[in-house]
Amino acid sequence: MCGIVGILGTHEVAPLILEALKRLEYRGYDSAGIATLQHGQLDRRRAVGKLINLSDRLVHDPLPGKAGIGHTRWATHGAPTEANAHPHQTGPVAVVHNGIIENYRDLRAELSGSNFESETDTEIVAHLCAGYMAQGLAPRAAAVATIARLEGAFALCFLFQGEDDLIVAARKGSPLAIGHGAHEMFVGSDAIALSPMTNRM
């Protein structure tokens, strides 16, 4: 089962997200990744295998930013590769996902002109949302329109370029905890992941 962590913080979030993901290791995973916003620009790092591989990559290629999302993936659609690892990014939106998008094949066929980089159902979510934004919808409205198209059980977090103080989180059948801090917000697949940062869930 995949693990999700998101932070809108007052400190550099990549190390905090990495530590929170370690507390979700019990779920099992085969790849991991983090995306952050720095001065409105999205950036991400992903790695196959254990979290130590992602940690090593972050040492050599740091990921600054005070807003971010992270993910540990258990492969369902597509092999455990860096291309299939989350977060998935299409244009101005990055997405992490736990669960199954049951109608992803139909949605992928609808988006047949898109340039897909992975074999995952999650990348469809990023493409859909980016498409709604290209039509003029604001980030929150684009996320709502995207979620309305999805069938299945899932938890999602969206991070948007230029929106340093916004993470959109949604769940349908899959767990997702929201944590409140002092001028900070947290989201995670499990309250255990957030417990060192806040006790207000």
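The values are calculated or read from the model by the stated rules, or taken from the named source; none is laboratory data. This one's a predicted model, so the numbers in the text were calculated from it and none came from an experiment. Ideal geometry is used to build each Cβ from the backbone, glycine not excepted, and the neighbour counts take in all protein chains shown. All accessible areas refer to the heavy atoms of the entire protein, side chains included, with ligands and DNA or RNA removed. Shrake-Rupley method; radii C 1.70, N 1.55, O 1.52, S 1.80 Å.
Tell me, what % of the accessible area of the chain is carbon and sulfur with a 1.4 angstrom probe? Numbers along the way, then the final one.
Details: 4530 of 8660 Å².
C and S fraction of accessible area: 52 percent.
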Across region 132-143, in residue order, what do the Karplus-derived ³J(HN,Hα) couplings come to in whole Hz, using 6.51 cos²θ - 1.76 cosθ + 1.60 with θ = phi - 60° and x for Gly and Pro? 5, 5, 5, 7, x, 6, 5, x, 4, 5, 5, 5
Would you mind working out the magnitude of the charge dipole of the chain relative to its Cα centre, with +1 at each Lys and Arg C-beta and -1 at each Asp and Glu C-beta, to the nearest 20 Debye? 320 debye
Each residue of region 53-62 in order: what ³J(HN,Hα) in whole Hz does its phi give by Karplus 6.51 cos²θ - 1.76 cosθ + 1.60, θ = phi - 60°, with x for Gly and Pro? 5, 5, 4, 4, 5, 5, 5, 7, 9, x
Quick one: which residues, 5+ away or cross-chain, put their amide H under 5 Å from the amide H of Q41? H built at 1.01 Å from N. G162
Can you check what the net charge comes to around A85, using other residues whose Cβ is under 10 Å from the Cβ of A85 (Lys, Arg +1; Asp, Glu -1)? +2
Which residue fluctuates the most in the chain, going by a Gaussian network model with Cα springs under 10 Å, if the choices are H127, H71, H183? H183
Once amide H atoms are placed 1.01 Å from N in the peptide plane, what residues at a sequence separation of 5 or more from S31, or on another chain, have their amide H within under 5 Å of its amide H? G49, R73
Amide H contacts under 5 Å for G181, restricted to residues at least 5 apart in sequence or on another chain and with H modeled in the peptide plane, are F186
Which entry in (i) 9, 34, 31, 17, 8, 2, 0; (ii) 10, 40, 39, 11, 0; (iii) 9, 36, 34, 14, 5, 1 matches P(r) over Cα pairs in 10 Å bins from 0, in percent derived from the coordinates of this structure? (ii)
